[in-house]
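Have a look at the structure below, then the notes.
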Amino acid sequence: MPSVGKIARRTFLIGSAAIAGGVAFGAYLVNRPIPNPLLDDLGEGEAAITPFVKITSDGVTLITPRADKGQGSYSIQAYLIAEELDIDPNETTRTPGLPDQAYYNSEVATEGSPLPAYDESAAAETIRSVLRVVPKLFSVQITGGSSTVPDMYEKLRNAGAVARETLKEAAAQRLGVARADLSTQDGHVIAPDGAKIAYTDLAADAAGIAPITDVTLRDPKEWRYLGKAGLPRTDMEAKCTGAEKYGIDLALDGMLFASICANPGIGGALESFDASEAETMPGVKRVLEVKAGNPGVAVIATNTWYAMQAANAVVCNWGAPNYPATSAEMFDLLEAAVDTKDAYDLRQRNDGDVEAALSEGEVFEAQYRIPFLAHAPMEPMNAVVQVTDDRVDIWTGTQIPLFIRDRAALISGMDAEQVFVHVQPIGGSFGHKLEMTHVEQAVEIAMAEKGTPIKLTWSREEDMTHDYPRPASVMHGRGIVKDGRVDTVDISVSQQAMAPSWFGRLTGMRIPGPDPTITTGSWDQPFAIPNYRVTGYRAPDLAPVSSWRSVGASGNGFYHDTFLDELIHKAGADPLEERLRLCMHAPSRKVLETVGEMSGWDGPSLGDGRGRGVAFCLSFGVPTAQVIEVTNTEFGIRLDKAYIVADVGRVLDPGNAEAQLFGGLIYALSHAINSELTYEDYAPLQTNYHDYEGLRLYQTPEIEVKILENMPGIRGIGEPGVPPAAPALGNAIFAATGQRLREMPFNKHIGFV
Amino acid sequence: MRLTVNGTEYEVDVTPDMPLLWVLRDELNITGPKYGCGIAQCGACTVHVDGLAVRSCQLAIGDLAGGEVTTIEGLAQPNSLHAVQEAWIEHQVAQCGYCQSGQIMQAASFLDLNPTPTDEDIDTAMSANLCRCGTYPRIRAAIHAAAKKLQEA
Amino acid sequence: MKFTASLCLAIAVATGALAEGADLVIAPPAEGSVSKQVGLEAWARIYEVASHPRCANCHTGPSDRPMWSGPTYGKARPHGMNIRAGESRIGAESLLCSTCHTTKAEDWENANEMPHAAPRVAMGWALAPVEAHWFGRTSEEICAQLRDPDLNGGRDVLEIAEHLGHDLILHWAWAPGGGREPAPYSLQEHVDDILIWGVAGYPCPDT
């Protein structure tokens, strides 16, 4: 019988269900009944829930549905359950489970909210709660937008608590004592006399009783794991011994290996090809044309290397895609759109009277731009697919398993219920694995070799040249300073639409309305500037683009903060003091003050060719400030030191949060300094890490991190470390050299050590 | 073609120009060494050949010349992890972890050559191993810690 | 400067496929048969080779940083990844050159086919000795170094020529693969020029 407890929280409740050999605890959704993947395994009359905990006589399984691409989400999801369940997560089996609509992510869309994150009013909360429903409508089991922790924080602890109390109740009934007299520890219920009963021993009993859903979550002061310094990530040891199996490492019996060369002009046709040489090369089993995803020619071989060598030897004749051929033409279109009425997209900030201010004062103008950027995670795109007459199995590291399921069904002509997506640990993503072109290709290849598992691996060159990059954009800023203060800021950003480009690829649907990513990170900053306006302009579609770590804020954080720094300099004010004076959000001010204290801020100059820059960006609800110190040496700019302060509301894994913040800074600087994709003949010129270099260890400054907990709620930390890094570096270089950098990558304009 | 990996001898039937990396991964299912770039830019494929770090994507199997191959899977002793691995875990270095097999193999080989490295030595030895997640600050700290462990051992 | 008795003998040196052509012929002109002017013309061509990035990038003198240049690196810049060859000139102090520049014991056709991969030859990769400082130096400076036995490994012209025959790293300069621009002329033409220059009495510009 479905034994549904009372509503534990607003949008979900935790129940239990009998499963073969034991019991599962998980979420029922109250707003709308959603079919459940466990149904297939359940007998007549058994309950259907979305499980987070499964306990059988064989062991305890924790189900952590949000993908782990390196940010530690599997680990923190396991600890969230374990904190209430009283079990060492390392003693459990941990799995992401099969993707299911009931694992929808209600937090991922809130970054698109029309109210800035610092607005905590009731109205703002209402709008955010409506937005939380939107992903459910689209079946969105997505990992992204730094949303895992806020979305799972209560759900998983509730699941752990309901499981714990139900196990205690089962033990109470067995022992004939009151549940209140029992306690739990390390996977056992402890009887008043100290006797221990393992959870696994209670699984069958627990399946037969109504779940105890009237639970109170523990006070954070009682936490054993969460919030504790030195919490070991559950995946750490496997990653240090080579035992961790990523999607690319999977081996199935009888598996063959594939690689592909597809049109680098994405969306363009494959007009003809000559595979005569490739077909004769060692290890090659088959060469075939692939139409799904992005047209190209695939090679199936006995070894990935043979497949890549042969794919390189295929001579292809590509048709032109539907976008301009060169970066130069694309930037011309971006420049043509900015500040034009026809291209107007969205204005979410319009304080004071900017037009009047600009018509009176002495206007300072500056123009900025940022390039297309590849995600370039270490693990290139790959998928293992096996197609049989009645099912499709897909093993791949992905942030969008349900979109993959539906698309694979479409390509293979099967029902979605016949497609099984087995999500694998991911060797880095930064947004790359929010795409599925490689899986579409792999499904079509595997359909040609029915019954044989096929592992498709993109070469690094294929990966770099077939990414859906961060969009390029341009910004025109106008400002006025008055009486030593910043008086007017007018920012116009022009970018092609990003969110519709991505969502259209995933769903075939065109999202109507404006694209808020064009100005996310600049319109929503917590500053009170008398005349303050941010406007997004929508350029025509250029090369197809996608989300890139911190999304809109990756560029807008640079535009907004650097332009503010320019104006502060014009005003003759101190960069930190003037930001503090303008900031009207207490937690954000605290973040700025703290970074000032940590860095011993006493002005931008450090003397002797040395300088420091401060930058701030509020993104994903996390106010983040950074100070970077540089020296102008004879070999170029050297990065000496960096400080990061962020406020996440509540920190669950301090060590990992610190790593995400400094990792975000390093990722941002990698691109700020020396990375860009430039298009010639419809394709990126950069093909591998030799010309898309990223930061190396010797270039990395010493970094100090401090995390504050003054914000309400709880926030994810995977992305907010990114946006302030580029402006902090640019502002530091200005302080050290007097040279203002308005275009990334900076190495186009100044040398680095 | 014969080769010895982690003390076990294998026979493989591949062309002699196949990089060691792809023999390990696709022929022997030893997947600790990772494919990242194929051109010695990232170091994710690093293994030891006769104790020295080598990018396995750059070494043709035909050129192995009887060299003994050790991968991350063979770095630990049966009952204890290598000091570098212990330090990596203590410092919680890995994020996505994809580059870390290579980082650890490079660090282990480097500490063999230079047991008491300075920060500058580490900057020189470890800057050819790319990490896109940005784990560098902890790599630096973990190498110092591993050096200390090895000194005390 | 004197040549050895074998001066008139043509020496054939097997060079392997990494140099173009299988064999290198060392056949110096007769002593006294080359004018200073012809010798200087030969030197000008030798300098073109020595100063070419395929050669000069690893002749960095007192610096232990190899250089990179080429279509994707723009002007010459220090080898990425903070590579230092150290006093050992093979990176033994930190990161051995051989970590990436593996030894290609047999001469596969595609030894260096992969664009942007680490070049490899049938011997250990290394920086040239400190004395052989060519990167960024003038024709006069390189010429003075190359003819000075104290700075050229104690070699006379024939020994230089033989060295060119044996040193497989420098053969790579004419067959760099991977879309890289080779050094000018050919290895054989370069050796011929060395011999002409030597027989002419090692003339250097402005001397």
Query raised in the report: Name the trypsin sites (Lys or Arg not before Pro) in region A:222-303 that are in a loop by DSSP and that have at most 16 other C-beta atoms within 10 Å, would you?
Result: A:ARG224, A:LYS228, A:LYS245, A:LYS291
Requested in this report: Please work out the C-alpha center-to-center distance from region C:100-152 to region A:627-665 and express it in whole Å.
Outcome: 40 Å
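Rounded, prolate or oblate: which fits region B:2-74, taking a ≥ b ≥ c as square roots of the Cα gyration tensor eigenvalues, rounded meaning a/c under 1.5, else prolate when a/b beats b/c?
Cα axes put region B:2-74 in the rounded bin.
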Query raised in the report: Taking R0 as 35 Å, what's the FRET efficiency between A:THR340 and A:MET584 from their Cβ-Cβ distance, rounded to 0.05?
Result: 0.65
Report task. Determine which residues of region B:74-100 fall in the zone a paramagnetic label at B:ALA141 would reach in this model, i.e. backbone nitrogen under 12 Å from the point 7 Å along Cα→Cβ. Result -> B:88-94
Query raised in the report: What nm value, rounded to one decimal, do you get for the distance between A:GLU743 and A:GLU634 when each label is placed 7 Å out toward the C-beta?
Result: 3.0 nm
Query raised in the report: What is the average number of partner chain Cβ atoms found within 10 Å of a Cβ in B:54-66?
Result: 5
Report summary line: Averaged over residues of A:271-283, the number of beta carbons from other chains lying within 10 Å of each residue's Cβ is 1
Report task. First obtain the Kirkwood hydrodynamic radius of region C:74-197 from its Cα pairs, then insert it into the Stokes-Einstein equation at 37 °C and 0.692 mPa s, and state the resulting D in µm² per second as a whole number. Result -> 204 µm²/s
Query raised in the report: If the limit is 19 Å between Cα atoms, which of A:LYS291/B:LYS34; A:LYS291/A:LYS450; A:LYS168/A:LYS221; A:LYS69/A:LYS433; A:LYS69/A:LYS291; A:LYS450/B:LYS34 go over it?
Result: A:LYS291/B:LYS34; A:LYS168/A:LYS221; A:LYS69/A:LYS291; A:LYS450/B:LYS34
Query raised in the report: In whole Å, what is the distance between the alpha-carbon centres of region B:12-74 and region A:152-203?
Result: 50 Å
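Pairwise over distinct Cα atoms, reciprocal of the mean inverse distance: report the Kirkwood radius of region A:235-387 in Å, one decimal place.
Kirkwood hydrodynamic radius for region A:235-387: 20.5 Å.
Taking region A:665-753, which trypsin sites (Lys or Arg not before Pro) meet the DSSP loop condition and have no more than 12 other C-beta atoms within 10 Å?
Answer by residue number: there is no such site.
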Requested in this report: Report the GluC sites (Glu not before Pro) located in region A:315-403 that are in a DSSP loop and have at most 12 other Cβ atoms inside 10 Å of their Cβ, or state none.
Outcome: A:GLU362
Query raised in the report: Just going by the charge dipole of region B:83-152, with Lys and Arg at +1 and Asp and Glu at -1 on Cβ, which of B:GLN92, B:SER127, B:GLN106 is farthest out on the positive end?
Result: B:GLN92
Report summary line: For C:LYS75, the aspartates and glutamates lying under 16 Å Cα to Cα, once residues fewer than eight places off in the same chain are dropped, come out as A:ASP691, C:GLU181
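Rounded to a whole number, what is D in µm²/s for chain C from Stokes-Einstein with the Kirkwood radius over alpha-carbon pairs (25 °C, 0.890 mPa s)?
Answer, rounded: 140 µm²/s.
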Report summary line: Between A:THR326 and A:GLU271, Cβ-based FRET efficiency (R0 25 Å, step 0.05) works out to 0.75
Query raised in the report: If you count, for every residue in B:114-126, the Cβ atoms of partner chains within 10 Å of its Cβ, what is the mean?
Result: 4
**Report entry** Stretchable slack from A:ALA416 to A:LYS450, in nm (0.36 nm times residue separation minus alpha-carbon distance)
**Finding:** 10.4 nm
Query raised in the report: Could you give the alpha-carbon Rg of the protein assembly as shown over 2.2 N^0.38 Å, rounded to two decimals?
Result: 0.99
Report summary line: The convex hull of the Cα atoms of region A:349-431, divided by residue count, gives a volume in Å³ per residue of 181 Å³
Query raised in the report: Which ordering of C:SER186, A:SER605 is given by a fewest-first count of other beta-carbon atoms within 10 Å?
Result: A:SER605, C:SER186
Query raised in the report: How much length, in nm to one decimal, is gained on full extension between A:ASP390 and A:THR678, taken as 0.36 nm per residue of separation minus their Cα-Cα distance?
Result: 99.3 nm
Report task. Return the distance in nm (one decimal) between the two label points of a simple spin-label model at A:ALA195 and A:ASP58, each offset 7 Å from Cα along Cα→Cβ. Result -> 2.8 nm
Query raised in the report: In nanometres, what is the gap between the two model label sites at A:GLU577 and A:VAL363, each 7 Å from Cα along Cα-to-Cβ?
Result: 3.0 nm
Query raised in the report: Going by a ≥ b ≥ c, the root eigenvalues of the Cα gyration tensor, does region A:543-702 fall in the rounded group (a/c under 1.5), the prolate group (a/b larger than b/c) or the oblate group?
Result: prolate
Report task. Considering Cα pairs under 8 angstrom that are at least six residues apart, work out the relative contact order of region B:83-152 and quote it in whole percent. Result -> 53 percent
Requested in this report: Please work out, to two decimal places, the log10 of the ratio I(q)/I(0) at q = 0.12 Å⁻¹ from a Debye calculation in which every Cα of region B:83-152 carries one identical scatterer.
Outcome: -0.24
Query raised in the report: Using θ = phi - 60° and the Karplus form 6.51 cos²θ - 1.76 cosθ + 1.60, what ³J(HN,Hα) does each residue of region B:91-102 get, whole Hz, x for Gly and Pro?
Result: 8, 6, 6, 5, 10, 6, x, 5, 8, 6, 4, x
Report task. Evaluate E = 1/(1 + (r/R0)^6) for B:GLU68 and B:ASP119, where r is the Cβ-Cβ distance and R0 equals 35 Å; express this FRET efficiency to the nearest 0.05. Result -> 0.65
Query raised in the report: Calculated from DSSP H runs of 4 or more alone, at -39500 (n - 2.57) each and per residue, what is the 222 nm mean residue ellipticity of the protein assembly as shown, nearest 500?
Result: -8500 deg cm²/dmol
Report summary line: Cross-link reach from A:LYS482 to lysines, straight Cα distance under 21 Å and at least 8 residues apart if same chain, gives A:LYS570
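Rule-based calculations on the coordinates, nothing more; no lab input. Keep in mind that what you see is a predicted model, and the values were worked out from it rather than measured. Cβ atoms come from the backbone with ideal geometry, glycine included; neighbour counts cover every protein chain shown.
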